[in-house]
Amino acid sequence: MKADIKSMNQEELGGFLISLGEKPFRAKQLYPWLHKKHAESFEEMTDISNKLKEKLINSCEFTVLKQVSVQQSRQDGTRKYLFALPDGNMVESVLMRYKHGNSVCISSQAGCRMGCRFCASTLDGLVRNLTPSEMLDQVYRIWRDIGERVSHVVVMGMGEPLDNYENLLKFIRLLSDENGSSISQRNLTVSTCGIVPNMRKLAEERLQITLALSLHGATQEKRQALMPIAKKYEIHQVVEACKYYFQKTGRRITFEYNLLGGENDKDEDARQLGALISGMNCHVNLIPVNPIRERDYVQPDKDTVLNFKNKLEKYGINVTIRREMGRDIDGACGQLRKRFSERQGEG
């Protein structure tokens, strides 16, 4: 089996080069090509000898994702990419342009096994975990495509990042490495549906990333109806894990709350949510649901969304309504991939 060169840190790369009979200092030449210049092949590496290139080609996997399609919003310039992994599986990534910089939302798995009721990523189940290099290359391909720096990364696309824990950790460390792309950990957000043991494990790593919890229900009953993971980890356990993360890292928690018309958007839901998280150093991101045709959830009207926000603010909770990005393209996670596979099936 060939070595996954893009998933190695600089020290590991040095050790690997020694095993090929090369001097370890070659890692300092090679590493920036992989993680700073985002090279697409060994041929691009102008200061690497042909002999070493040949050794690398014979002994390494060079992970470069293939862009299958890209949709661009006419409304706000958001781009949704469909990438093919080396084995032909598909994942989605999204570029969002903000005043503070370019933000990329990446996938951590091909498919997902969490089964959240409102999500298109999970409809066909989990295919496999992504390697660190496959996660990184979503950022690198978009960076190269637009010719501009990516400053923020969100692991909130297809998949459950904490279900791919070790690869996620490696990805974070490689992405924030000052010898590579050097994206600040403070500009990196990881979203989870609430795998409690791994939330606590992540807290112990004392990284400076933001942890975002997909909450979506303010009571155990409501959350469990929307998110099967809640059967395993009760709502108060999950909130306690969030408090533990803040205690260990000092990083404010984000609660993601999908507003589903008539389901979890009433005054009583706001009151229960306020009671659940008041007093925490947190931020609530209200997300009017992006409907998918396989489910019958509807988006609440603007007045309902604003009313919910106002109610939470009365509890002293910091709240924003997520700005809708790319609404005129396949916006919901997993939609673009699903439509593509349906079209292939028809062909």
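The values are calculated or read from the model by the stated rules, or taken from the named source; none is laboratory data. The shown structure was predicted, so the numbers you read here are calculated from the model rather than taken from an experiment. Glycine gets a Cβ as well: all are built from the backbone with ideal geometry, and neighbour counts include every protein chain shown.
Which count do you get for residues in the stretch 14-49 that are of a type outside the set (S, T, N, Q) and within 13 Å of residue 180 (Cα to Cα)?
Step one: list which residues in the stretch 14-49 are of a type outside the set (S, T, N, Q), which gives 14-18, 20-28, 30-40, 42-45, 47-48.
Within this subset, residues satisfying the condition of being within 13 Å of residue 180 (Cα to Cα) are 27-28, 30-39.
Here the count works out to 12.
Would you please name the residue that is farthest from residue 151 (Cα to Cα), looking only at residues in the stretch 15-40 that are assigned to a loop (DSSP other than H, G, I, E, B) and over 25 Å from the mean Cα position of the chain (by Cα)?
Once the filter is applied, the top-ranked residue is 21.
Anything in the stretch 18-40 that is small (Gly, Ala, Ser) and either surrounded by fewer than 18 Cβ atoms within 10 Å (Cβ to Cβ) or assigned by TED's automatic domain parsing to the domain that holds residue 174 (or both)? List them, or say none.
The answer is 19, 21.
Name the residue that is farthest from the chain's Cα centre (by Cα), counting only residues in the stretch 204-240 that are β-branched (Val, Ile, Thr) and within 20 Å of residue 285 (Cα to Cα).
219
Per-residue answers, yes or no, for (1) in a loop (DSSP other than H, G, I, E, B); (2) over 21 Å from residue 122 (Cα atoms); (3) modelled with pLDDT under 90:
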{"position": "223", "(1), (2), (3)": "no, no, no"}
{"position": "244", "(1), (2), (3)": "no, yes, no"}
{"position": "270", "(1), (2), (3)": "no, yes, no"}
{"position": "296", "(1), (2), (3)": "yes, no, yes"}
{"position": "299", "(1), (2), (3)": "yes, no, yes"}
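Yes/no per residue for (1) buried (at least 20 other Cβ atoms within 10 Å of the Cβ); (2) among the acidic types (Asp, Glu):
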site	(1), (2)
88	no, no
95	yes, no
100	no, no
105	yes, no
120	yes, no
125	no, no
137	yes, yes
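Look through the stretch 143-161, keep the residues that are in contact with a Leu (Cβ under 8 Å, 6 or more places away or on another chain) and buried (at least 24 other Cβ atoms within 10 Å of the Cβ), and return whichever of them is nearest to residue 102 (Cα to Cα).
Checked the stretch 143-161; the qualifying residue nearest to residue 102 (Cα to Cα) is 153.
Determine which member of the set 190, 239 is part of a helix (DSSP H, G or I) and modelled with pLDDT of 95 or more.
Criteria check complete, one pass: 239.
Counting just the residues of the stretch 166-181 that are touching a residue at least 60 places away in the same chain (Cβ under 8 Å) and assigned to a loop (DSSP other than H, G, I, E, B), which one comes out surrounded by the fewest Cβ atoms within 10 Å (Cβ to Cβ)?
The residue in question is 179.
Regarding the stretch 2-17, can at least one residue be identified that is surrounded by fewer than 20 Cβ atoms within 10 Å (Cβ to Cβ), farther than 14 Å from residue 142 by Cβ and at pLDDT below 95?
yes
Quick one: count up the residues across the stretch 41-57 that are surrounded by 14 or more Cβ atoms within 10 Å (Cβ to Cβ) and in a helix (DSSP H, G or I). It would help to see each step written out before you state the result.
Filtering the stretch 41-57 for residues surrounded by 14 or more Cβ atoms within 10 Å (Cβ to Cβ) gives 42, 45, 48, 52-53, 55-56.
Going one step further and asking which of them are in a helix (DSSP H, G or I), we end up with 42, 52-53, 55-56.
Residues meeting the conditions: 5.
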